[in-house]
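**Student:** I have a structure here, written as structure tokens, and I will follow up with some questions on it.
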Amino acid sequence: MRSWSDSLRFAFQPVVNLTTGGIAALEILARPEAGDILAEARRDPERDSALAVLALRAAVRKEAMLPLHVNVFAGTLADLGGLTPLHDAVRQAGRLPWEVTVDVVPPYTHVPQQALLEAVGALREQGLRISADGVGDGDVPLRLLTDLAPDLVKLDASLLARRAAVKSMRTLCEEMGALLAVEGVETEGQCAAAQSAGAQLAQGQLFAPPARLPVADVYVPPVSPAPEAVRRSGPSVREFVRPAALLPDTASAGHVRALLTGSPDVSGVLLVDRDGTPVRSVHRSRFLLSMSGRYGHALYADRPAAKLGDPPRTVGVHATAWEVLDVVADGDRSRTSDDVAVVDGHGRCVGVVRLADLVRALSETRVEEAAGLNPLTRLPGSDSITDEVDRRIADGWTFTLSWLDVDHFKQVNDGAGFAAGDELIRSVAGMLQGAATGSMRVGHIGGDDFLVLADPEALDPMVTSVLDVPLSAGGLPVTLSLATVVCVPGSVADHREAAACLAPLKKAAKALDGASWVLGRAGSPGHEVRRGAGPSPGRWGYAAAEPGRG
């Protein structure tokens, strides 16, 4: 008698890393040749569980070494309280649990939420990873999504037409410590939209359609500049994570050699303990050189591979690309080409990063930044500051935006010469840079105008460092005007509204005599004069009755 599984076949669709262009994992998709097995699995938790086990075994038969994604209905998890058969199948296949991600698939309606959360907790205890599938096109409640705290959130490509929604989900994912993926990407425009909204992973026909055999290469359009959300302190290491080649720390050198010779794209192997913590790092070239030497195979083949490895270099999943470079730079120079292991909060390896990927991305970032620097002060222009303002608004920060300029600067140039004017501008820029601490950002938007983005508590020290310093040009004293707007969450929608709030404050500051500082709050009328007095005849010959001082 034919079994329901006899007509069942599986296809593999790559999950693509949008930064590196590499394959991060393979999703295993059921492709029944007869009957509606998926509909039956939705109604029958036992069948759905069996389907997940068959999917895993199909991948093992295809010798897929990449991390795997297996689909399971939310109702199945709530009903069965976990997937012990899947965990057993993972162990029998010789794969590590954290190499397998369970994609929790809608519907969620009528699924007991507490039972689902307990089942997900059981999966995590087994070491399996969790993905929330069908978000945006499914029925997952937002509160349940945050309670699930998945390692990955998969959005439907239809949401790409609503960029704000995707960016908001990216922000939520950052808070949960999750990655963001977009499914169903079919065009280069959708891919660009996914990148610009901050998605790190994607799937779809554009990259590679589902196929009976796992593909080795995918098409990825040129990578767009790093998303706004990660520019503040450099790209996140999560943008560059590649699948790691993992073997138990008890593996022999012969096992490592077999893996390396069968997988030419693997640059190294990490040996991990039973908890998934990296113990030794085996570099491809150094290892194969040792094995290929005279008597090398006879000496090492049956010995533990750990004897030919090095202590692993590791960084946490929340590290930036710059922090990874610090790890590489502080180590042995002969190991600069070694992969760096990325570990989660439990110390388990979630992948590796390669130095070449980081250098390429950071070089592109530096070129973009250099193109936007003011040639006189080498400070970034307005775009850099306004991008950061938008990011802080999206993240719900309270921040201050200040506009500073030199009083009567035209008269400085006319009376003391443009060289003295340039020197004055560089002095002001130097003071602002010297006062910048923590997350403060300083920009030179042209002429004698500067922007300062800061946290409220950093404002007073910055003002003291700048306004209390005597300045002169051509032997004549010079003063500065400063206008500040405080923006609390919800008070402004974007940097344009913040700038609009700042404009009247600048006008008020310029109407005061001497070094001045005016502070206002977005959405509130009026302002507070923190420095400066009523207008009087200016030092550069302006009458007090004349409007403005710039």
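The values are calculated or read from the model by the stated rules, or taken from the named source; none is laboratory data. Just so it is clear, the structure is predicted and the values come from calculations on it, not from any experiment. As a convention, Cβ positions derive from the backbone with ideal geometry for all residues, glycine included, and neighbour counts pool all protein chains shown.
**Student:** Can you tell me which residue is farthest from Gly347 (Cα to Cα) among those in the range 309-329 that are surrounded by fewer than 19 Cβ atoms within 10 Å (Cβ to Cβ) and among the hydrophobic types (A, V, I, L, M, F, W, C)?
**Tutor:** Here the answer is Ala329.
**Student:** May I pose another question? Which of (1) in contact (Cβ under 8 Å) with a residue 24 or more places away in the chain; (2) buried (at least 16 other Cβ atoms within 10 Å of the Cβ); (3) not β-branched (Val, Ile, Thr) is the odd one out, the single condition Glu33 does not satisfy?
**Tutor:** Of (1) in contact (Cβ under 8 Å) with a residue 24 or more places away in the chain; (2) buried (at least 16 other Cβ atoms within 10 Å of the Cβ); (3) not β-branched (Val, Ile, Thr), only one is false for Glu33: (2).
**Student:** Scan (1) charged (D, E, K, R); (2) touching a helix residue (DSSP H, G or I) at 6+ places or on another chain (Cβ under 8 Å); (3) more than 21 Å from Ala64 (Cβ to Cβ); (4) surrounded by 13 or more Cβ atoms within 10 Å (Cβ to Cβ) for the single condition Asp273 breaks and write down its number.
**Tutor:** All conditions pass for Asp273, except number (2).
**Student:** Going by what's in this entry, would Val317 be described as under 29 Å from Gln200 (Cα atoms), among the aliphatic types (A, V, I, L, M) and free of Cβ contacts under 8 Å to residues at least 24 places away in the same chain? Full working, then the answer.
**Tutor:** On the way: under 29 Å from Gln200 (Cα atoms): yes; among the aliphatic types (A, V, I, L, M): yes; free of Cβ contacts under 8 Å to residues at least 24 places away in the same chain: no.
Criteria not met by Val317.
**Student:** Residue by residue through the range 476-500, note down the ones that are assigned to a helix (DSSP H, G or I) and surrounded by 21 or more Cβ atoms within 10 Å (Cβ to Cβ).
**Tutor:** Filtering the range 476-500 down to residues assigned to a helix (DSSP H, G or I) leaves 495-500.
Passing the criteria: His495, Ala498.
**Student:** Run Asp407 past the list (1) surrounded by 22 or more Cβ atoms within 10 Å (Cβ to Cβ); (2) under 35 Å from the mean Cα position of the chain (by Cα); (3) not aliphatic (A, V, I, L, M) and report the number of the one that doesn't hold.
**Tutor:** Against the list (1) surrounded by 22 or more Cβ atoms within 10 Å (Cβ to Cβ); (2) under 35 Å from the mean Cα position of the chain (by Cα); (3) not aliphatic (A, V, I, L, M), Asp407 comes up short only on (2).
**Student:** A further question on this structure: Give the range 379-404 a look and list any residue that's under 24 Å from the mean Cα position of the chain (by Cα) and either outside the structural domain of Glu497 (by TED's automatic domain parsing) or aromatic (Phe, Trp, Tyr) (or both), or say none. Even if it seems obvious, please write down each step before you answer.
**Tutor:** Going through the range 379-404, the residues under 24 Å from the mean Cα position of the chain (by Cα) turn out to be 380-399.
Answer for the range 379-404, where residues must be under 24 Å from the mean Cα position of the chain (by Cα) and either outside the structural domain of Glu497 (by TED's automatic domain parsing) or aromatic (Phe, Trp, Tyr) (or both): Trp397, Phe399.
**Student:** Next up: Across the range 415-430, which residue is nearest to the chain's Cα centre (by Cα) among those that are of a type in the set (A, V, I, L, M) and closer than 12 Å to Leu379 by Cβ? Don't jump to the end; show me each part of the working.
**Tutor:** Within the range 415-430, the first condition is being of a type in the set (A, V, I, L, M), and the residues that meet it are 416, 419-420, 424-425, 428-429.
Okay, now just the ones that are also closer than 12 Å to Leu379 by Cβ, so 425, 428-429.
On the way: Ile425: 36, Val428: 34, Ala429: 31 Å.
Among them, the one singled out is Ala429.
**Student:** Within the range 431-472, can you find the residues that are closer than 20 Å to Cys487 by Cβ and more than 31 Å from the chain's Cα centre (by Cα)?
**Tutor:** Passing the criteria: Asp449, Asp460, Pro461, Val463.
**Student:** Also, quick follow-up: Which residues, counting only those in the range 155-192, are under 19 Å from the mean Cα position of the chain (by Cα) and hydroxyl-bearing (Ser, Thr, Tyr)?
**Tutor:** Ser168, Thr171 - these are the residues of the range 155-192 that are under 19 Å from the mean Cα position of the chain (by Cα) and hydroxyl-bearing (Ser, Thr, Tyr).
For every residue, the table says whether it meets (1) in a strand (DSSP E or B); (2) under 16 Å from Leu246 (Cβ atoms).
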| position | (1), (2) |
| --- | --- |
| Glu323 | no, no |
| Asp338 | no, yes |
| Ala341 | yes, yes |
| Gly347 | no, yes |
| Val359 | no, no |
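For every residue, the table says whether it meets (1) farther than 23 Å from Arg242 by Cβ; (2) of a type in the set (Val, Ile, Thr); (3) in contact with a Pro (Cβ under 9 Å, 6 or more places away or on another chain).
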| residue | (1), (2), (3) |
| --- | --- |
| Glu40 | yes, no, no |
| Leu54 | yes, no, no |
| Val60 | no, yes, no |
| Ala64 | no, no, yes |
| Leu68 | no, no, no |
| Ala74 | yes, no, yes |
| Leu77 | yes, no, yes |
| Gly82 | yes, no, no |
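**Student:** Next up: Keeping to the range 211-241, report how many residues are touching a helix residue (DSSP H, G or I) at 6+ places or on another chain (Cβ under 8 Å) and either outside any loop (DSSP other than H, G, I, E, B) or at pLDDT below 85 (or both).
**Tutor:** Just the residues of the range 211-241 that are touching a helix residue (DSSP H, G or I) at 6+ places or on another chain (Cβ under 8 Å), to begin with: 214, 220-221, 223-237, 239-240.
Filter once more, keeping what is either outside any loop (DSSP other than H, G, I, E, B) or at pLDDT below 85 (or both): 220-221, 223-237, 239-240.
Result for the range 211-241: 19.
**Student:** Among the candidates Trp397, Trp403, single out the residue that is out of contact with any Leu (no Cβ under 9 Å at 6 or more places or on another chain), in contact (Cβ under 8 Å) with a residue 40 or more places away in the chain and among the aromatic types (Phe, Trp, Tyr). Walk me through how you get there before you give the answer.
**Tutor:** Working: Trp403 fails: out of contact with any Leu (no Cβ under 9 Å at 6 or more places or on another chain).
Result: Trp397 is the single residue among Trp397, Trp403 that is out of contact with any Leu (no Cβ under 9 Å at 6 or more places or on another chain), in contact (Cβ under 8 Å) with a residue 40 or more places away in the chain and among the aromatic types (Phe, Trp, Tyr).
**Student:** Another one. Pairs under 9 Å by beta carbon, first residue closer than 14 Å to Asp449 by Cα and in contact (Cβ under 8 Å) with a residue 40 or more places away in the chain in the range 419-433, partner aromatic (Phe, Trp, Tyr) and part of a helix (DSSP H, G or I), six or more apart or different chains?
**Tutor:** If the second residue must be aromatic (Phe, Trp, Tyr) and part of a helix (DSSP H, G or I), the pairs left are Gly421/Phe409; Leu424/Phe409; Ile425/Phe409.
**Student:** Just to be sure before I move on: is Val215 crowded, with 21+ Cβ neighbours inside 10 Å and either in contact with a Gly (Cβ under 6 Å, 6 or more places away or on another chain) or more than 22 Å from Ala132 (Cα to Cα) (or both) in the structure I sent?
**Tutor:** So Val215 does not fit the description; no.
**Student:** (1) small (Gly, Ala, Ser); (2) over 26 Å from Glu239 (Cα atoms); (3) touching a residue at least 40 places away in the same chain (Cβ under 8 Å); (4) crowded, with 19+ Cβ neighbours inside 10 Å: which one isn't true of Ala50, the others all being true?
**Tutor:** Answer for Ala50: the failing condition is (4).
**Student:** Can you give me the ranges of the strands (runs of 3 or more DSSP E) entirely in the range 415-475 with at least 1 residues that are outside the structural domain of Val389 (by TED's automatic domain parsing), surrounded by fewer than 14 Cβ atoms within 10 Å (Cβ to Cβ) and out of contact with any His (no Cβ under 9 Å at 6 or more places or on another chain)? Before you say what the answer is, go through the steps one by one.
**Tutor:** Details: elements: 441-446, 449-454, 471-473.
Of the strands (runs of 3 or more DSSP E) lying wholly inside the range 415-475, none has at least 1 residues that are outside the structural domain of Val389 (by TED's automatic domain parsing), surrounded by fewer than 14 Cβ atoms within 10 Å (Cβ to Cβ) and out of contact with any His (no Cβ under 9 Å at 6 or more places or on another chain).
**Student:** Could you list all residues from the range 183-201 that are of a type in the set (Ser, Thr, Tyr) and modelled with pLDDT under 85? If you could, list the steps in order and put the result at the bottom.
**Tutor:** Looking only at the range 183-201, we keep the residues that are of a type in the set (Ser, Thr, Tyr), and these are 187, 196.
Ser196 - this is the single residue of the range 183-201 that is of a type in the set (Ser, Thr, Tyr) and modelled with pLDDT under 85.
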